[in-house]
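Heads up: the structure comes next, in C-alpha cells.
The values are calculated or read from the model by the stated rules, or taken from the named source; none is laboratory data. Predicted model only: the values in this text are computed from it and were never measured. Because the Cβ atoms are built from the backbone with ideal geometry, glycine has one as well, and the counts that use them run over all protein chains shown.
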Amino acid sequence: MRILDWLIPILTIIGLYWFSASFFLAKRSLPHSASCDEAHSLLTEVLKLEPSEVSLILGEDYDNKDAAASGSLRDGCWLPRKVDSVVILVVDAMRFDFSQYSLPKSVGARIDKHQTPSSQLLQFVADPPTVTMQRLKGLTTGSLPTFADISGNMGGSTMDEDSWVQQLKNTDYKHRGLQYPSKLGFVGDDTWIDLFPVLFDESHPYPSFNTRDLDTVDNGCLKELPNLMKHVRRKNSHSLEDLELVVSHFLGVDHVGHTYGPFNEHMDAKYRQMDEAISTTLDLLDEEDQEEEIGSKSCHLALVFGDHGMTNDGNHGGGTDEEINAALFVHFSKGCHLDDMNRTMPLEKAAEIMGSTYVQDKFQSMNQIDLVPTISILLGLPIPYQNLGGIVPSLLAAHDIRETAAALALNAAQVWRYFTIYSQTANRLPNLPELEEQLKDAVSTYREALQHNEDGQDSNAFYTACGLFKLFLVEASELGHRVWTRFDTLGMTGGGLILAFVVLATLLPLLFLGKSFLKEQNQQICNSRGVLENILALTFVVFHCGMLSFSNSYIDAEQRIVMFMMTILGGVIFVRLNSTVAGGNSRLLPYVPVLLPILSRISEIFVSGHGLDPSIRLYAAHSQWLFLPSLALLFAIRTQVFEKIDRHHPVNTGGSIIGSSTLHAGIDCLSLVLLAFSWIEKRNPDPSRNGYWSARGVIGLLIFSIVLSILNAFSTSSRDLQSDETSENTSLSCARTSVAKALSMISRLLIAIMLVTGPATSCTVLIACLQGWMLFNLAGATGFYQVSVPVQALLWRLVVRHVFFATNHGCAFNMLQYSAAFVATIEFDFVFAGSQLFMNTFGWEIVGISAVCLTTFFTRKPLWKWYCFYQILEGFLNCISVSILRRHLMVWATYAPRFIFSAIFLVLNSMGQLTYNFLVMTAA
C-alpha cells in the first residue's frame, strides 16, 4: 500500500475544508444599534442638510432634548408614529399566485379587484435561501441573508443584529407616543422564540420540525389568537396589558406542501382554514373601530404574508420564482381613514413627473426587507442600523407628500451611513462613488423642494425627490446583493491549490498504469471505435465535472444531461461490441451498454413519488402490487445469490454464530418483511396504523446486524492471528471474508435507503441491482468485449448519479426530502432525523462507492482510482466555478448549493478511499 493512497484522501478533505471555510465566511455584523435621537444627526451629518432645512422636516423643537425626553413634543422617534398596533399573520410558504384565488373571504373580499390605500395585495419577493430562519431574520433586521447560516434553520440561533422587534421592546415608550408601556404577543412557529427568546411578553410557541403534523401549530394559533386580539392596543389606551404587536405564525400550508405537495385536497382544506382565520382577525380589527367614538378610532395595521413560496413539489430553499415570490396583504383598519383620501401614490406621480418607466417598473413588487423600514416608521421606531430595505410609500399611511419625502430621506441616510461604516471597518465595498452621486442628486432635489415649500401645497420637487431617494435605495439594495458576503480569497486559493495537487497526484499514476495496462492486456481496444469511446468519455468527464458547474441552466438540467451522456456512450460501446458474434458467457455483454440507459430511463419515467412517504396512496409506484413483488425479488436475491456465493466461495467462520452468513441473510430478509408490513400499514387510511413500529423494527435489525459485523470482524482477526494455514490460504480466506462482508453491507445500505425513501424505491433498488450486476460483468470482460477502465468508471458514475436524480433528489436544498426524518416516528430528534435525511439524500452515493470498491477488489483493475479521480476533478472544478462566479446573481441560489453537494460527494469518496485502503491492507 503506497503512502500516496493514504495521503490523497486526507489532503482532499483538508483542501476542501480550507476552501469551504474561506468561501462561506458570513457577512460581518456591526455591533451597532440605531437610537431614537439620531434623526437630526442623520440629516445634518450624512445628508449635509442645513439646520433650517432639518427644522422644516422634523419640527422646530425636535432637538430640544429636555422636551423630547418628557415626550411632550413628539410621538415618534424619527417621525410621528402612524398606527396604534400591528397584527402580523404569517402563513408559512404562501405563494403569491395562490393568495390571489385561495383566500376569497379574507383577501379577495377586501381588494375587490381594485387596490385601495387601506387594502393592498403585493408580490413579496424573498432572498434565497428561502428557509424560515433566514427569512425571519431579513424581515426583522432588513439585512440580506447569510448563506452559511442555512444550517441554523434546523437548530435556531438568537438574533444578534439590530431589529425592529428589539427596538420595539427597548425604545422608551414615551418617545413613541405612548402614555404607558405596551407588550408583545406571539403564537405559532417556535422559530420566532429561537430568534427572540426574551422579547415577547406573552408567547405560545409550538415545535415546527414535524412536517407531517399539519394541524398542531395552526390549531394552537386558532386557539390563542383570539385571546391575544382582545388585548390589541387601542388609541389613548391606559392598560398595562395592551399588546402593541401580535404575531401569529401558521405552519400548515408549508407542512402540506412538504408532505403532499401544493396541488391536492389537503392544501385546499388548509387554505380554507387560513382564509377563515384571516377573515375573522381582520373583522375583529374593523369591528373594534365601529365600537369607538368618532375622532378617537384606533389605527391598526394587519400584515398577512408568506415568508417564502414553494416549488411545484412543495419544497423550498432555493431561488426559483415559485420559491421567492410570496404574497403580502396589507390592511389598515378604518380608523386610519386612508380610504377617505383621494390621493395619487407618490411613486406613480414621481414616475409621471420624471418621465421614467424605470421608476414605475421598479416598484411593482416589494422586496421583503423593504417591510423593515416601513414598519419601523409606522410604529415610530428608528430604522434598524443594518437595514438595506427601502420604505414602500404606498404603505406609509402618509397624508402629505412631505411626510413621505422625509421618511425616504431618513431611510436613505440610514442606509448610506451603514454602507460607509461597513466599508471603513469591515470590508471595502465597490461602486460607492457612483452610489454617492445618486444620493447627492436626490438630496439636491429635496433641498430645492424644502426651499420652495408652501403650506398646504405639494411641490413636484417633493415627488421627484421621493423617486430619486427610492432609486438610490433600490441601487443600494442591489449593491448589497452583490457584495454582502466577504470572501477570504487567500484561503480559497490555498484550498484550491491543495485540490489541484490532489488532481495531478491522482491523474499521473493513472495515466502510467493505464498505458501499461493497455499495452499488456488490451491491444485490440485501440482500434478506431475503442478510441472513440475514450474520446467521448473524456469529453463527457470534462463537461460534467467542469463546464456544467459554470452554467445555472446546465445545473438545473443535470439529470437530462447525465441521461444523454449515458445513452450516447452506451450506444457507441454497443455498436462496437456487436460488430462480432458473441458466444458462451459473452452473449449478454454486447447488450449491457445499451441496457444501462434503457433501465435508467424506465426508472425515471415509471417509478415516481420518492421521498413522499406520507403520500403513498397517491402514486402508482407506491402500490402494494409493485412494491410487494419487488421486495419478494430482493428477498430471493438475498437468499439465493448469497447462498450461491457461499457455496462456491465458503467462508471459514470457525464455528462462530455471529459470523454466520445465514444469520446475516436471515436478519436482512426479516428486515424486508417488516418493511413490507410498514408500507402496507402506511397505505391504510386509518391514522392509527402508521407503520412506525415496523419501521422501528427495521432500524433495530439494521443496528443489530452492524454490531454483529463489528464483532465478527474482531473475532475473524483474532482467529487469523492464530491460524496455522499457509499465507496463501490465509490471504484467500481474508479476501473471501471481505467480499462477503461487503455484499452484506451493501444489502443493508439498500434496505436503509428503502426505509427512508418510501415504497417506490423497491423498484428502483431492483433496477439498480440489475445495473450493478451488468456493470460488474462488463468489468470482468476480456478480449474484444473489454471496455477501457476509464470508460467503465464513467459508466458507474453516470448510473449512480442518475439514480440520485431519478429518486427525486437534486443539488439544491429545495429537493431535500424532509419526510425521511419521520418514517419511524412522529417526534423530531435532531440526530436521529438528521441521520435518516442524510441516508435518504446521500445513500446512493455510498452504495455506488461500495459497489465500485467491490468490483475493483474482484477484477484487480484500477476502476476505483478512476472513479475517485472523476469526483476529485468535479470537486476541484466546482471550487473554481464558485470562485469565479462568487459575485454572480445566482451564486447562492444555484452555484453554491451545487458546490456543497459536490463537496459532500467528494468527502464521502475520500472516506471510501480510506476505508478501501484499510480493507486492502487488512486482506493483505
Across segment 623-642, the tally of residues that are under 17 Å from Glu681 (Cβ atoms) and either hydroxyl-bearing (Ser, Thr, Tyr) or modelled with pLDDT under 85 (or both) stands at 1
Going through segment 846-869 in order, the residues found to be under 28 Å from the mean Cα position of the chain (by Cα) and crowded, with 24+ Cβ neighbours inside 10 Å are Gly848, Ile849, Cys868
By residue number, the members of segment 309-357 that are on the phi < 0 side of the Ramachandran plot, part of a loop (DSSP other than H, G, I, E, B), at pLDDT 75 or above and not acidic (Asp, Glu) are Gly309, Met310, Thr311, Asn312, Asn315, His316, Gly318, Gly319, Thr320, Ser333, Leu338
Residue hits (segment 227-246; touching a Leu at 6+ places or on another chain (Cβ under 8 Å) and within 30 Å of His266 (Cβ to Cβ)) are Leu228, Met229, Val246
- If you go through segment 154-167 one residue at a time, do you hit one that is under 17 Å from Asp189 (Cβ atoms), part of a helix (DSSP H, G or I), aliphatic (A, V, I, L, M) and modelled with pLDDT under 80? yes
Contact list, first residue from segment 218-235 and in the same structural domain as Phe186 (by TED's automatic domain parsing) and touching a residue at least 60 places away in the same chain (Cβ under 8 Å), second anywhere and among the charged types (D, E, K, R) and assigned to a helix (DSSP H, G or I), beta-carbon distance below 8 Å, six or more apart or interchain, is Val232/Glu288; Arg234/Glu288
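Would you check which residues across segment 857-879 are assigned to a helix (DSSP H, G or I) and at pLDDT below 90 and list them?
Keep residues of segment 857-879 that are assigned to a helix (DSSP H, G or I), which gives 857-859, 863-879.
Across segment 857-879, the qualifying residues are Phe857, Phe858, Thr859.
Quickly run through segment 613-627 and pick out the residues that are surrounded by fewer than 24 Cβ atoms within 10 Å (Cβ to Cβ) and within 24 Å of Phe842 (Cβ to Cβ).
Hits for segment 613-627 are Pro614, Ser615, Ile616, Tyr619, Ala621.
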- Message: So, Ala407, is that one outside the structural domain of Met890 (by TED's automatic domain parsing) and under 21 Å from Thr44 (Cα atoms) or not?
- Response: yes
**Item:** Meets criteria (under 20 Å from the mean Cα position of the chain (by Cα) and assigned to a helix (DSSP H, G or I)) for Phe918
**Value:** no
query: Does His258 fit the bill of being under 28 Å from Thr757 (Cβ atoms) and under 24 Å from the mean Cα position of the chain (by Cα)?
result: yes
If we ask which residues in segment 613-642 are assigned to a helix (DSSP H, G or I) and within 30 Å of Val256 (Cα to Cα), their number turns out to be 13
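Look at segment 402-431 and say how many of its residues are in a helix (DSSP H, G or I) and surrounded by fewer than 23 Cβ atoms within 10 Å (Cβ to Cβ).
Residues that pass the stated criteria total 11.
Can you tell me which of Glu558, Glu520, Glu533, Glu475 is at pLDDT 90 or above, of a type in the set (Asp, Glu) and either surrounded by fewer than 16 Cβ atoms within 10 Å (Cβ to Cβ) or assigned by TED's automatic domain parsing to the domain that holds Tyr870 (or both)? Even if it seems obvious, please write down each step before you answer.
Numbers: Glu520 fails: at pLDDT 90 or above; Glu533 fails: at pLDDT 90 or above; Glu475 fails: either surrounded by fewer than 16 Cβ atoms within 10 Å (Cβ to Cβ) or assigned by TED's automatic domain parsing to the domain that holds Tyr870 (or both).
Sole residue among the options that is at pLDDT 90 or above, of a type in the set (Asp, Glu) and either surrounded by fewer than 16 Cβ atoms within 10 Å (Cβ to Cβ) or assigned by TED's automatic domain parsing to the domain that holds Tyr870 (or both): Glu558.
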